[in-house]
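Some notes on the structure that comes next.
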Amino acid sequence: MDKKTLIGNTQELFKSKFNCKPIVTSTAPGRINLIGEHLDYNNGAAIPCGINRWVCVCISKRDDSKIVIYSDELESKIETNLELNYKSEELWHKYVLGSLKVFKEKYELNKGLNIFIKSTVPIGAGLSSSAALEVSLISAYFEIFNIKIDKIKIAKLSQKIEHKHLLIKSGLLDQLSCLFSKEDHLLYINFKDNSFEYIKNNIENGTFIIINSMVKRSLASSKYIDRVNECSQGYEILETNRIENISQSDLDKLIKYPLIQKRFKHIISEYKRTQLMLKYLMNNNLDSAGKLLLESHLSLKNDYEVSCDEIDFLIDQSLDFSGWYGGRIMGGGFGGCTINLVDEKSADRYIKRLKTLYSNEFKIEPDCYNLKIVEGAMIES
């Protein structure tokens, strides 16, 4: 479904639920991350971009104090009030209610709201459906209450939802990607200060194929939080928080802490791969870029230990495909998707092969996406 169709469908569904037109329509794309996995909360760098899958939020004010929220994909409803005292353990409820609570902490929420959510970003696939939801909701609140705010603040408020209401110590990779993506460009984000620059997508004759293992994972219930804590312990031991300052001798100091040493082996090597990937992408060096992706996967599998059997199967079955340059697990890990750099002419053949092999092995057909780079979050006219 393209963006225009998604917006039209969401607005029509809103009208059918609430018998009125939405005042504000907000969208935010999902994202892929080429390289730099788990570096956002390690003050490293990453190269993401927004993709042609979106969350769309329609919203209007009410004449009473009720807040009524529908999710089309989940076929679920929340009805609460301005006190936001609704209790639920459902994950999407926590994100939506958390967004309202974060907004209310600093800004006046003095009117009831009708909110309708529709999404084409797969949930639990490592494509940042949660961040796209957070960003589109927060953006809609500021627009409907006519409050000016810059995108960096939207990113930080969205991150606060995860920190405070999901208890996930996430970095800003996903939110910045959803907000600042630019058509036909990649983002290079430096997480030391959350600065970024645009890189023209110079890839020719190659395309990125995303394969969804259909293994859903939740960052809140996975070992993602353990990885964040393990890295935090390592920085305390080394008495630094600057990834670029960590040397091999520093890594040797962690020998008494073998688990933490493994984690740091990944983040140091991944940071170096991120710097190299910049050069390879600018020069359209697909062979070298693909090798970096595979190195990243092996590091994520063996040192960071965030892969799973299904993901490893997808990578292993790609190794002898002639049009495959390289690939890796993408996102927080423990399921989700692989990102694969494939020869453009071989893309359809690659997808067909992996679908067949995976279906035979796991009795479920993986979703496959040949994605486009799109603009970031926006308020739609």
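Of 228, 57, 135, which has the largest mean-square fluctuation in a 10 Å C-alpha GNM of the chain?
For the chain, modelled as a Gaussian network with Cα springs under 10 Å, the answer is 228.
Once Lys and Arg get +1 and Asp and Glu get -1 on their Cβ, which of 332, 48, 96 lies farthest toward the positive end of the dipole of the chain?
96
List the lysines whose Cα sits under 19 Å from the Cα of residue 352, skipping any in the same chain fewer than 8 residues away.
Output for residue 352: 363.
How long is the gain from residue 23 to residue 83 if the chain were fully straight, where each residue apart is worth 0.36 nm and the alpha carbon distance is subtracted?
So the extension gain works out to 19.3 nm.
Gaussian network model of the chain, Cα springs within a sub-10 Å range: biggest mean-square fluctuation belongs to which of 89, 79, 162?
Highest fluctuation among the options: 89.
Can you give me the Cα centroid spacing of region 86-143 and region 294-340 in angstrom?
If you average the Cα positions of each part, the centres end up 31 Å apart.
Go through region 93-167 and name the chymotrypsin sites (Phe, Trp or Tyr not before Pro) that are in a DSSP coil and have 16 or fewer other Cβ atoms within 10 Å of their Cβ. Spell out each step's value before the answer.
Values: sites: 95, 103, 107, 116, 141, 142, 145; in loops: 107, 145.
Taking region 93-167 and a limit of 16 other Cβ atoms within 10 Å, the loop chymotrypsin sites (Phe, Trp or Tyr not before Pro) found are 107, 145.
Hand me the trypsin sites (Lys or Arg not before Pro) from region 121-191 located in a DSSP loop with no more than 15 other Cβ atoms within 10 Å, in residue order please.
148
Ordered by packing density, taken as the mean number of other Cβ atoms within 10 Å over each peptide's residues, highest first, how do 285-294, 195-204 rank?
285-294, 195-204
Ranking 176, 314 by Cβ neighbours within 10 Å, fewest first, what do you get?
The most exposed by this proxy come first: 314, 176.
Working from Cα positions, state the angle (0 to 90°, nearest 10) between the long axis of helix 151-160 and the longest principal axis of the chain.
Helix 151-160 and the main axis of the chain meet at about 90 degrees.
By how many nm would the segment from residue 375 to residue 249 lengthen if fully extended, with 0.36 nm per residue of separation less the alpha-carbon distance?
Taking residue 375 through residue 249 to full extension adds about 41.1 nm, to one decimal.
To the nearest 0.05, what FRET efficiency results for residue 202 and residue 64 with a Förster distance of 45 Å applied to their C-beta separation?
0.25
Only bridges with both residues in the chain count here: give the DSSP antiparallel percent, nearest 5.
Values: 51 of 56 bridges.
Expressed as a percentage, antiparallel bridges in the chain total about 90.
In region 1-86, what chymotrypsin sites (Phe, Trp or Tyr not before Pro) fall in a loop by DSSP, with at most 16 other Cβ atoms inside 10 Å?
Qualifying residues, ordered by number: 86.
Could you give the angle, 0 to 90 degrees to the nearest 10, between helix 286-302's Cα long axis and the longest principal axis of the Cα atoms of the chain?
Compared with the principal axis, the helix lies near 80 degrees.
Go through 66/101; 4/106; 4/101 and tell me which ones have a Cα-Cα distance over 25 Å in this structure.
Too far apart for the 25 Å limit: 4/106; 4/101.
Return one number: the angle in degrees, 0 to 90 and rounded to the nearest 10, between the long axis of the Cα atoms of helix 224-238 and the longest principal axis of the Cα atoms of the chain.
It works out to around 60 degrees.
Which of the listed residues, 19, 126, 294, is farthest toward the dipole's positive end in the chain, when Lys, Arg count +1 and Asp, Glu count -1 at the beta-carbon?
About the Cα centre, the residue reaching furthest to the positive side is 19.
In this model, which of 21/111; 182/223; 87/164; 17/372; 94/216; 17/77 are farther than 22 Å apart at the alpha-carbon? Display every interim value, and only then the final one.
Details: 21/111 17 Å; 182/223 32 Å; 87/164 15 Å; 17/372 32 Å; 94/216 18 Å; 17/77 11 Å.
From 21/111; 182/223; 87/164; 17/372; 94/216; 17/77, over 22 Å: 182/223; 17/372.
Laboratory data are not the source of any read-out in this text; all were calculated from the coordinates shown. Quick caveat: nothing in here was measured; it's all calculated off a predicted structure. Don't worry about glycine lacking a Cβ; one is built from the backbone with ideal geometry, like all the others, and counts go over all protein chains shown.
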